[in-house]
Amino acid sequence: MDVTISQSRVAGRVRAPPSKSYTHRAILAAGYGAEAVVADPLVSADTRATMRAVEAFGGSVDRDADGDARLSISGFDGRPEVPDDVVDCANSGTTTRLVTACGALADGLCVFTGDDSLRSRPQGPLLDAIRQLGGRAESTRRNGQAPLVVGESIDGGAVSIPGDVSSQYITALLMAGAVTDEGIDVELETELKSAPYVDITLEVLDDFGVDATKTDDGFSVPGGQSYAPKGGEYAVPGDFSSMSYLLSAGAVAAAEGDRVLVEGARPSAQGDSAIVEILESMGAAVGWDRDAGEIAVPRASLSGTTVDVGDTPDLLPTIAALGAVADGDTVIENCEHVRYKETDRVSAMAEELGKMGASVTEERDRLTVHGGDTDLVGARVDGRADHRIVMSLAVAGLAADGDTVIEGAEHVDVSFPDFFDAMESLGAAVDRHE
Ligand SMILES: O=C(O)C1=C[C@@H](OP(=O)(O)O)[C@@H](O)[C@H](O)C1
Ligand SMILES: C=C(OP(=O)(O)O)C(=O)O
């Protein structure tokens, strides 16, 4: 599906979808346990991949008859079965990493694969860690990418692993380590990127009654633990990465005297709540009522800023789009790890914003958007089969002169299936077509 988004003004109230990161972890944590309800989950292409994996390991995931508001999960109670078939992780890096470590607990071999994008993402450090723990872990093509073959019942132990490729390896080892005999000590060989995502993991583990801690050189989780949320139920908070597009839409295109108000914005461990400070640093008057969980953003004359995205890789496409609308340079630093996502998002944003007339300088670890050099103009752009590229280009399209056609817009299904409905409800001119 392609979407044409035309220059428009937006205003009104909209609810952010539930957090993808928390939902993945809650579904798998429930899978590691005996029985749990996950309330307010994100039901999207990526989280469905984690549900499928829990079922493949012998659990079951039942959705409310009347919608997506609750998942009743029967887990595999710390002992994943060997799946009957290959497990398809689709487009989801989180699913792949988290279930790969789980598969290493199985008494047999598990095979994990996914779509073209997923099969090009790095898994080598996680496979190496599983081998350090005595498990079997191979890439079928011997290139450190899926398809992966994993298994042979690891018991835990000590591993050392780089921290600058993906924090999801650490999350995966901590979640699996809790149900091993010995537990897992993770020593980081390099500085941890995307660190707030491990904080999210520690928060979810704690909510499921599982102990895990930061250590001087990494993380540690004792073995022999059981997963059970307090009161049998876990509620997922709203997603700040998804909110970044809605808030940015307000900053670049809110109607005169009006604002975009986003609900579901209660504070949590999500690093991407930094979008609030980033918008403020660019000149937007953002109002965040933390108790009510509401953020309001009126239109602003944005000016360039400098942002280190070491902790917040998923905000890079949003910040790049904001930079293209702002005056002056927006410098996005510490972004090499953003090249290992669904697509290389650093070059994708440089090239696609370039098609809209933006002037952008791309370096390996830095992206500079020279805002104000030229006016943004509507153009035909490629969403790169990547939900975040699609949604960021839609934000740029709101402010660009004329019509922007975004190819492959259906990929929003990965994290924010109702994204274009939400934009339309705010008044954006959106036309879906083949
Ligand atoms: O653990 C998670 O939920 C995520 C971690 C981050 O990945 P990396 O740790 O690979 O940077 C982030 O980009 C991804 O969208 C979600
Ligand atoms: C990179 C992302 O997710 P994942 O790693 O789970 O594919 C994302 O949602 O931007």
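A short reminder: the numbers here are calculations on the coordinates, not readings from a lab. Quick caveat, the model's predicted, so the values are computed rather than measured. Neighbour counts are summed over all protein chains in view; Cβ atoms, including those assigned to glycine, are modelled from backbone coordinates with ideal geometry.
Data table
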{"read-out": "Karplus (6.51, -1.76, 1.60) ³J(HN,Hα), θ = phi - 60°, over region 389-396, in Hz, Gly and Pro reported as x", "value": "5, 4, 5, 5, 5, 5, 5, 4"}
{"read-out": "Mean residue ellipticity (222 nm) of the chain, computed from DSSP H runs ≥ 4 via -39,500 (n - 2.57), nearest 500", "value": "-9000 deg cm²/dmol"}
{"read-out": "Nearest-ten-degree value, helix 45-56 long axis tilted from longest Cα axis of the chain", "value": "10"}
{"read-out": "Packing-based exposure ordering (other Cβ within 10 Å, fewest first) of Lys20, Lys341, Lys214", "value": "Lys214, Lys341, Lys20"}
{"read-out": "Shape call, region 1-136: gyration tensor on alpha carbons, a/c limit 1.5", "value": "oblate"}
{"read-out": "Three-way shape label, region 278-342, alpha-carbon gyration tensor, a/c 1.5", "value": "oblate"}
{"read-out": "Calculated P(r) tail over 36 Å for the chain, as whole % of Cα pairs", "value": "24"}
{"read-out": "Region 150-201: GluC sites (Glu not before Pro) falling in loop per DSSP and having at most 15 other Cβ within 10 Å", "value": "Glu182, Glu189, Glu191"}
{"read-out": "Residue order, fewest to most surrounding Cβ atoms within 10 angstrom, among Ile161, Ile130", "value": "Ile161, Ile130"}
{"read-out": "For region 264-270, Karplus couplings with θ = phi - 60° (6.51, -1.76, 1.60), whole Hz, Gly/Pro x", "value": "x, 10, 6, x, 8, 7, 5"}
{"read-out": "Kirkwood hydrodynamic radius of region 20-235, from inverse mean 1/r over distinct Cα pairs, in Å", "value": "16.6"}
{"read-out": "For region 331-344, Karplus couplings with θ = phi - 60° (6.51, -1.76, 1.60), whole Hz, Gly/Pro x", "value": "10, 10, 9, 6, 10, 4, 5, 6, 7, 9, 9, 3, 9, 6"}
{"read-out": "Per-residue Cβ neighbour rank within 10 angstrom, fewest leading, Arg48, Arg432", "value": "Arg432, Arg48"}
{"read-out": "Degrees separating the helix 345-355 axis from the principal Cα axis of the chain, which is the longest one", "value": "20"}
{"read-out": "Environment charge at Thr201 (Cβ cut-off 12 Å; Lys +1, Arg +1, Asp -1, Glu -1)", "value": "-1"}
{"read-out": "Members of Lys193/Lys214; Lys20/Lys230; Lys193/Lys341 lying beyond 18 Å, as alpha-carbon distances in this model show", "value": "Lys20/Lys230"}
{"read-out": "The chain: relative contact order as a whole-number percent, Cα under 8 Å and 6+ apart", "value": "19"}
{"read-out": "Using alpha-carbon coordinates, inclination of helix 195-207 to the longest axis of the chain, degrees", "value": "50"}
{"read-out": "Amide H contacts of Asn91 (H built 1.01 Å from N, under 5 Å, at least 5 apart or other chain)", "value": "Asp115"}
{"read-out": "Cα gyration tensor shape of region 75-142, rounded if a/c is under 1.5, else prolate or oblate by comparing a/b with b/c", "value": "oblate"}
